[in-house]
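> Got a structure for you, questions after.
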Amino acid sequence: MNDTAKEFVDRLSSTKTKADFEKNHSYFKVNTADNKILGVRYATNFKLAKEFMKMDLKEVEKLLDNSFYEVRLGAVGIMDYQARDKKTTEQQRKALFDLYVRKHDRINNWDLVDRSAPYVVGGYLNNKPRKILYKLAKSKNLWERRTAIVSTYFFIRQDDLADTFKIAELLVTDKEEMIHMAVGSWIREAGKRDPRLLLAFLDKYSTKMPRLMLRYAIEKLSKAQKEKYLAK
């Protein structure tokens, strides 16, 4: 197969439907002239991304520069598959990470971040300094802040929970709902690994947290614990 950006876009475009065009409008939160909807199902997109997972990153970058949301979704899908592949070298992982950070302005929706940040960013930083996550957490860009917390999912899976809660502290009073949901979800997942850390965080911050963030965070707690924190 000729794994080029053009071939991917041509294949992807051939699967678009009017129904999926309407549906995808509800997923994509940034509608401008440079952010257009094609109308392709998620499952179709990621199936095709898997076929193209060997694509050279120069071609992947062309996909990230595409104005269609689903094409960029395919790009991060390819990046995610490459980052998950055990055969991917450390040099290739660095190249994936560098591309993600350099082109973050094109990774501009919740699902683009959530699909790729855990393995492309978190996976690369697993055994490295994580200062960049704290820089992203303080960014004015909503999606960069979401990357900061979502990337820690890889660490959570290794029972490495400190950065999840430290970054959550930086974002605990964020004004954006997309951050409220992400922070609540990720500290909940970290809390499954160590409930004491979650409860300590909630004891300290539950009165400052937006209601939506709190509800996501306490989702797996007992009824009595939920009532305790909601009452605060």
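> Can you list the HN-Hα couplings for the range 66-74, worked out from phi with the Karplus curve (6.51, -1.76, 1.60; θ = phi - 60°), rounded to whole Hz and with x for Gly and Pro?
So the Karplus estimates, Gly and Pro as x, are 5, 6, 8, 3, 5, 5, 5, 4, x Hz.
> While we're on this one: Distance between Cα centroids, the range 154-168 to the range 197-232: provide it in whole Å.
18 Å
> Please go through the residue pairs Lys23/Lys58; Lys138/Lys204; Lys54/Lys103; Lys50/Lys192 and name each one whose alpha carbons sit more than 27 Å apart in this structure. Could the numbers behind the result be given before it?
Values: Lys23/Lys58 30 Å; Lys138/Lys204 21 Å; Lys54/Lys103 19 Å; Lys50/Lys192 31 Å.
The pairs that break the limit, which is 27 Å between Cα atoms, are Lys23/Lys58; Lys50/Lys192.
> Relative contact order, percent, of the range 173-232 when contacts are C-alpha pairs under 8 Å separated by at least 6 residues? All intermediate terms of the calculation are to be shown ahead of the outcome.
Details: 46 pairs, mean separation 25.1, N = 60.
Result for the range 173-232 is 42 percent.
> List the relative contact order of the chain as a percent without decimals, with contacts defined as Cα pairs under 8 Å and 6+ residues apart.
Values: 289 pairs, mean separation 28.4, N = 232.
So the answer I get is 12 percent.
> Turning to a different aspect of this structure: How would you rank Thr164, Thr88, going from fewest to most other Cβ atoms within 10 Å of each one's own Cβ?
Values: Thr164 25, Thr88 17.
In increasing order of surrounding Cβ atoms, one gets Thr88, Thr164.
> Quick one: helix 162-171 against the long Cα principal axis of the chain, what's the angle to the nearest 10°, folded into 0 to 90?
Taking the Cα atoms of the chain, the angle to 162-171 is about 90 degrees.
> Also: Cross-link candidates for Lys18: which lysines have Cα within less than 21 Å, leaving aside residues fewer than 8 places away along the same chain?
Once the sequence-local lysines are set aside, what remains near Lys18 is Lys29, Lys36, Lys47.
> Is it possible to state the helix-based mean residue ellipticity at 222 nm for the chain, with each DSSP H run of 4+ residues giving -39500 (n - 2.57), the sum divided by total residues, to the nearest 500 deg cm²/dmol? What is it?
Details: 15 runs with 146 residues, N = 232.
For the chain, the value works out to -18500 deg cm²/dmol.
> By the gyration tensor of its Cα atoms, with a ≥ b ≥ c the square roots of the eigenvalues, what is the shape of the range 129-232: rounded for a/c under 1.5, prolate for a/b over b/c, or oblate? Display every interim value, and only then the final one.
Values: a/c = 2.15, a/b = 1.36, b/c = 1.58.
Oblate is the answer for the range 129-232, as a/c is 1.5 or above yet b/c matches or exceeds a/b.
> Continuing with this model, one more query. Once phi is turned into ³J(HN,Hα) by the Karplus curve 6.51 cos²θ - 1.76 cosθ + 1.60 with θ = phi - 60°, what whole-Hz value does each residue of the range 54-59 show in order, with x for glycine and proline?
8, 4, 5, 5, 5, 6
> In whole Hz, what ³J(HN,Hα) sequence does the range 198-204 give by Karplus (6.51, -1.76, 1.60; θ = phi - 60°), x for Gly and Pro?
Calculated HN-Hα couplings, in order: 5, 5, 5, 5, 5, 4, 7 Hz.
> Once you have a ≥ b ≥ c as the square roots of the Cα gyration tensor eigenvalues for the range 148-205, tell me rounded if a/c is under 1.5, and otherwise prolate or oblate according to whether a/b is larger than b/c.
Working: a/c = 1.91, a/b = 1.25, b/c = 1.53.
It comes out oblate by the Cα gyration axes.
> Taking square-rooted eigenvalues a ≥ b ≥ c of the alpha carbon gyration tensor, is the range 1-154 rounded, prolate or oblate, where a/c under 1.5 means rounded and, failing that, a/b exceeding b/c means prolate?
The shape class here is oblate.
> Next question, about the same structure. Near the amide H of Asn35, under 5 Å away, which other amide H atoms are found, from residues 5 or more places off or on another chain, if H is placed in the peptide plane?
Correct list: empty.
Read-outs throughout are calculated quantities, based only on the coordinates presented, and are distinct from any laboratory measurement. All values derive from a computational prediction rather than experimental measurement. Cβ coordinates were reconstructed from backbone atoms using ideal geometry, including for glycine residues, and neighbour counts include every protein chain displayed.
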